[in-house]
1. Under 8 Å for C-alpha pairs, at least 6 residues apart: give me the relative contact order for region 299-368, rounded to a whole percent.
2. Say R0 is 60 Å: what FRET efficiency, to the nearest 0.05, do PHE36 and SER348 get from their beta-carbon distance?
3. Dividing the Cα radius of gyration by the Kirkwood radius, what Rg/Rh value follows for region 257-328?
4. Once the Cα gyration tensor of the chain is found, what semi-axes does its equivalent ellipsoid get, as square roots of 5 times the eigenvalues, in whole Å, sorted largest first?
5. Between rounded, prolate and oblate, where does region 202-253 land on the alpha carbon gyration tensor, with a ≥ b ≥ c its root eigenvalues, rounded for a/c under 1.5, else prolate if a/b exceeds b/c?
6. Place a point 7 Å from Cα of GLU378 in the direction of its Cβ. Which residues in region 342-366 have their backbone N less than 18 Å from it?
7. Output the direction-averaged projected area (hull surface divided by four) of the convex hull of the alpha-carbon atoms of region 327-370, in nm².
8. If you place +1 on the Cβ of every Lys and Arg, -1 on the Cβ of every Asp and Glu, and leave all else neutral, what size is the dipole of the chain about its Cα centre, to the nearest 20 Debye?
Amino acid sequence: MQWRWLALIVLGVSPWAGASLQLTGESLYYLLSAEFATQQQDPAVAIPAWQHSVDQLPTAPILAAAARAAAQLGDLPKALLWAKKWHELAPEDSESARFEAGLLLADGQEPAALELLQATLARFPDEERVSSQLAELLAQHGRFGDAERLLHTVMQNHPHSAAAQLALGRLALLQKQPKRAAEAFAAALRLRPDWEEAAVLQAESLRQQGNSLAALQMLQGFCAAHPSAVQARSYLASLYLSLGGQTQAYRVLQQISLLQPDQPKVWDQLLPLAIAETDWPGAQQALEHFRELAPHSPLVPYYQGRIAEGQNEWSKAREAYAKLAGTPLADEAQLRIAQTYYAQGQKSKTLTELQKLQTRHPNDAQIPLLRAQLLQEEGNYAAAAQLLDQALERHPRDAALWYARGAIAELQKDYAGMEKAMRIVIELRPDDAQAYNFIGYSLLERRQQLAQAGAYLEKAIQLAPEDANIQDSIGWYYHLQGDQKKALDYLQKAHAQLGDEPEVLDHLGRVLWQLGRQQEARALWQRGLEKHPESKELQEALLHP
């Protein structure tokens, strides 16, 4: 008896309506089988069982349940077929029309969905959910004025409609009006304080206004007030990541894993951050959960390799990556194997592994980039340049290849070639601060065209004000220009981020020396030389301050 009641409850059928459904032994069997297979996410069993149920009992409740199950299982044709029949049997039920319209949208039949919703609204003028759905569809078709008028009519008739406010906010976002959107989403939240979707959309509208900090604070408050809000926490984690808050994002994902321990996707999201945070016990625990939920996923050996690699267990990492041959992750695994050899200083083996990848993927621009980097580190600039030139013949608009080519040209003292390459990078990526910095600093080092160098570096710092390498470059520029106070400000910021990096210590010490703080300068250089005894810059600074 327990199973029969469960099926009826799930279908939304009143238990006392059993007589009208005429549930025979066979029909009950198929109904229970269909529901159980749907819960198990088994479409091969569920869809035929729902078909039997629909054939034997073609009633609105059965068709509604079958349509929803088919949509859940990803069988859109069946879902549409059954939703249409459900709507035909229950034209007085606006939900049947809304559900069919949603499926039509998913199937790309937007005009049909629009027509259906307009007809439904004419029949049920006071149905705010139909109005909201229709307004969003009108907006997607560019009919913003019609959509807005419809929503304001809904709000006049239903002043406490959170759904209408949410739709109005979505409409504002579509029109790229994030301030108006934020106001509408805030109004929706006042009406429904626990509505996660409204909270996430309000945060997004704040972010689009350039106020990520306000979005962060708003979501932090919402999540604190709603401990089970998974959707809001997922957005909060992504927001932390976009702001460089990797540790905070990791903690939020840990909270989500407690709320949804049976979701493989949660552990899949958590694992890379656990690895990035070098939390090896946490990473191993997450991997065990993931392996239990998805034992045959190629991500299991992939993350085994990543965890081993992170702990310098190179052979163990390669053994795990080798299991990924023939999977969609095979190329990624090959690349990681190459990186393990590189980490061990086995550059010839690294190049061999990269060559294997290049043979399989001759048009992949990333592989020659890595090969050129290895050749550059070996001092083989000519071979690296030749490799990049060949890659650029196939990928003439790849900014990363041009940047690498410019860097090689600089090492070859081909300064005209370097500037040409970096200008192409700027043409392809106008906001590439590193390209501006590269040209500007190269000019400084050669003591050439200092005014032009300054213009490049000012542009770089404008694009990336917190970049420590650019702070060092522009600080050195101001030193050469004689503005030691301004130079000191930038170089101290660079030193705070880069620590005892020899070049920064050299620059900072020379500025301190010019400012009459010779003892500090010598102490700075001496400390740096203790950590980097091979540094020619620091040796020269101590000998000739």
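1. Values: 66 pairs, mean separation 15.0, N = 70.
Result for region 299-368 is 21 percent.
2. Details: r = 58 Å, r/R0 = 0.97.
The pair PHE36/SER348 has a calculated efficiency of 0.55.
3. 0.96
4. On the way: eigenvalues 683, 192, 108 Å².
In descending order the semi-axes read 58, 31, 23 Å.
5. oblate
6. 342-359
7. Values: hull surface 11.5 nm².
Hull-based average projected area comes out at 2.9 nm².
8. Numbers: 50 positive and 64 negative charges, 138 e Å.
That gives the chain a dipole magnitude of about 660 debye.
Readers should treat all values here as calculations from the given coordinates under stated rules, not as data from a laboratory. Please read all numbers here as calculations on a predicted model, not as lab measurements. Cβ atoms come from the backbone with ideal geometry, glycine included; neighbour counts cover every protein chain shown.
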